[in-house]
Amino acid sequence: MTSTNLMHSPGHIDPLTVPRPNVVDGVTPREDGRIDLIGLPRQRIAELFAQAGLDAKGAKLRAKQVFHWLYQRGVTDFEAMSDIAKTMRPWLAERFVVGRPEVVEAQHSSDGTRKWLLRTADGHDFEMVFIPDADRGTLCVSSQVGCTLNCRFCHTGTMRLVRNLTPGEIVGQVMLARDALGEWPKGSMAGFCDDLDDDDLEEGSYSADGRLLTNIVMMGMGEPLYNFDNVRDALKLVMDGDGLALSRRRITLSTSGVVPLMARAGDEIGVNLAVSLHAVTKEVRDEIVPINRKYGIEELLEACAAYPKASNARRITFEYVMLKDKNDSDEDARELVRLIKKYKLFAKVNLIPFNPWPGAPYECSDDKRIRRFSEIIFEAGISAPVRTPRGRDIDAACGQLKTSAEKKSRAELERLWAEKQDALND
Ligand code: SAH
Ligand code: SF4
């Protein structure tokens with residue numbers, strides 16, 4: 001059964017989804033009839049205020065004020081919006097809410113990485129990870145619950161796509177992280193301090209304005225380009241100077257290679273691009289990143305060459321997971337260099353040691369092999385750092401995210417993979 005509620009994009013393939021809630025003009029209905037403002041553009045908020053009875057000028061002004069409280073101050077309670085008339089605040093609270101994804105569980109790794117298990121209002125679980133480093137703090141954001149694709153080394157790939165996350169659920173992850181890290185200007189945390197403890201304050205300041213959360217990567221659960229509109233709308237709020245005001249240079253979108261949407265991603269979103277390449281031959285990429293059967297390596301690299309705004313200062317990142325005896329030979333490294341040069345790409349390579357998960361059909365290449373692979377690329381003048389795995393002890397590392405508690409048998413995994421392959425071949 002294919003749901004008509006799901007966004008259809010070229011190559012949207014999974015027939016196994018459940019409908020997302022019946023979103024109308026960006027608004028997800030709530031049981032209490034109120035409207036959650038998170039994730040809506042300012043213009044849409046003004047329209048809703050006008051529909052609720054304010055005159056056009058009042059609606060526009062209130063929308064501007066509320067938007068500021070939402071995204072610049074992190075306020076979730078209309079009572080705290082001090083420049084809005086006292087009588088107006090209950091009027092707003094009767095009709096609207098400022099939501100956050102529900103936190104089901106928060107885990108802290110011994111290396112400082114934090115993982116949150118979150119739940120949508122209709123009961124679907126997904127994950128978000130925060131990775132503190134010496135000079136930055138990166139939030140790894142999910143775009144879907146599950147994934148239509150089935151890269152064979154990825155734990156999320158063993159889930160079906162449950163549904164796309166809404167813009168509110170995507171930007172809501174960033175809001176929640178700022179709540180948890182205590183990053184809103186002082187005085188705005190009223191009613192939202194539950195997840196804040198002393199540990200949160202230990203890590204020091206990274207950015208000029210003292211913020212810990214400095215970067216965002218769309219590298220959590222799901223394929224962001226198969227939820228294009230919602231990811232774009234959420235990132236617009238993140239980048240909006242009156243919104244969360246994070247520079248697009250600090251945001252990276254990672255795709256497994258949804259070629260037809262890459263140009264649009266450049267034009268309409270304009271963030272840094274990361275591409276999950278992972279193999280340099282058709283045979284191996286077809287096996288480990290099966291979307292390759294639909295959009296092959298050559299096509300993918302052409303789309304990278306055409307990606308708007310690529311330059312030496314803003315290079316495309318090729319992610320390359322190191323799988324023992326699968327994609328990690330000297331020959332593979334040399335072929336990778338050849339391809340990058342052939343397509344004249346401004347690129348760097350990020351080597352990711354494979355993070356294991358129960359039942360995974362691969363092993364990680366050994367350290368010596370990874371170092372050699374990296375050297376070959378470096379020697380050709382292309383940066384190829386090895387990504388340090390983070391948060392492995394809490395299953396927060398790349399490709400370890402998966403929310404349903406059940407463990408699938410090998411036979412079940414094979415069946416699911418076969419189903420997804422069939423869908424991909426359609
Ligand atoms: N769906 C998008 C973004 C999410 S995955 C994509 O595929 O690009 C983020 C990165 O982690 C991708 O490069 C992905 O291939 C990689 N990854 C997935 N499983 C992994 C694993 N078990 N070990 C290491 N990296 C993995
Ligand atoms: Fe989906 Fe990305 Fe995992 Fe592939 S690596 S299954 S595209 S989340």
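The values are calculated or read from the model by the stated rules, or taken from the named source; none is laboratory data. Keep in mind that what you see is a predicted model, and the values were worked out from it rather than measured. As a convention, Cβ positions derive from the backbone with ideal geometry for all residues, glycine included, and neighbour counts pool all protein chains shown.
A search for C-beta distances below 7 Å between a residue of segment 385-397 that is assigned by TED's automatic domain parsing to the domain that holds ALA134 and any residue that is surrounded by fewer than 17 Cβ atoms within 10 Å (Cβ to Cβ) and of a type in the set (S, T, N, Q), counting only pairs 6+ apart in sequence or on different chains, returns ASP393/SER110; ILE394/GLN107. Within segment 134-144, the set of residues being in contact (Cβ under 8 Å) with a residue 60 or more places away in the chain and either more than 11 Å from ligand 2 (Cβ to nearest atom) or in a loop (DSSP other than H, G, I, E, B) (or both) comprises ASP135, ARG136, GLY137, THR138, LEU139, CYS140, VAL141, SER142, SER143. For segment 282-309, the candidate set comprises residues that are at pLDDT 95 or above and not in a helix (DSSP H, G or I); within that set, the residue that is nearest to the chain's Cα centre (by Cα) is VAL289. For segment 147-168, a residue qualifies if it is in a loop (DSSP other than H, G, I, E, B), under 15 Å from ASN230 (Cβ atoms) and away from ligand 1 (no atom under 11 Å from the Cβ), and the qualifying residues are LEU161, VAL162, LEU165, THR166. For the list (1) modelled with pLDDT of 95 or more; (2) under 15 Å from TRP91 (Cα atoms), I need the number of the one condition that GLY39 fails. For GLY39, the failing item is (2). The set of residues in segment 336-364 being surrounded by 14 or more Cβ atoms within 10 Å (Cβ to Cβ), more than 16 Å from ligand 1 (Cβ to nearest atom) and in a loop (DSSP other than H, G, I, E, B) consists of TYR343, LEU345, PHE346.
Checking each residue in segment 128-137 for being touching a Lys or Arg at 6+ places or on another chain (Cβ under 9 Å) and away from ligand 1 (no atom under 11 Å from the Cβ) picks out MET128, PHE130, ILE131, PRO132, ASP133, ARG136, GLY137.
Which residue out of ASP122, ASP111 is over 25 Å from VAL27 (Cα atoms), more than 11 Å from ligand 1 (Cβ to nearest atom) and of a type in the set (Asp, Glu)? Of the residues listed, the single one that is over 25 Å from VAL27 (Cα atoms), more than 11 Å from ligand 1 (Cβ to nearest atom) and of a type in the set (Asp, Glu) is ASP111.
Is it the case, given these coordinates, that GLU223 is modelled with pLDDT of 80 or more, more than 11 Å from ligand 1 (Cβ to nearest atom) and either under 22 Å from MET239 (Cβ atoms) or out of contact with any helix residue (DSSP H, G or I) (no Cβ under 8 Å at 6 or more places or on another chain) (or both)? No: the conditions fail for GLU223.
Which members of segment 247-282 meet the condition of being farther than 16 Å from GLU299 by Cβ, in contact (Cβ under 8 Å) with a residue 60 or more places away in the chain and either away from ligand 1 (no atom under 14 Å from the Cβ) or of a type in the set (Lys, Arg) (or both)? Passing the criteria: only ARG249.
Residues that are surrounded by 24 or more Cβ atoms within 10 Å (Cβ to Cβ) and either of a type in the set (A, V, I, L, M) or touching an Asp or Glu at 6+ places or on another chain (Cβ under 6 Å) (or both) within segment 149-161 comprise LEU149, LEU161, listed in sequence order.
Within segment 220-251, being among the aliphatic types (A, V, I, L, M) and either more than 16 Å from ligand 2 (Cβ to nearest atom) or surrounded by fewer than 24 Cβ atoms within 10 Å (Cβ to Cβ) (or both) holds for ALA234, LEU235, LEU237, VAL238, MET239, LEU244, ALA245, LEU246, ILE251. Just one of the listed residues (GLY112, GLY99, GLY123) is under 30 Å from ALA397 (Cα atoms), touching a Pro at 6+ places or on another chain (Cβ under 6 Å) and modelled with pLDDT under 95, namely GLY112. Take the conditions (1) among the polar types (S, T, N, Q); (2) closer than 28 Å to CYS364 by Cα; (3) in a helix (DSSP H, G or I); ASN227 misses just one of them, which is (2). Scoring LEU339 on the criteria (1) under 18 Å from VAL284 (Cβ atoms); (2) out of contact with any helix residue (DSSP H, G or I) (no Cβ under 7 Å at 6 or more places or on another chain) leaves a single failure, condition (2).
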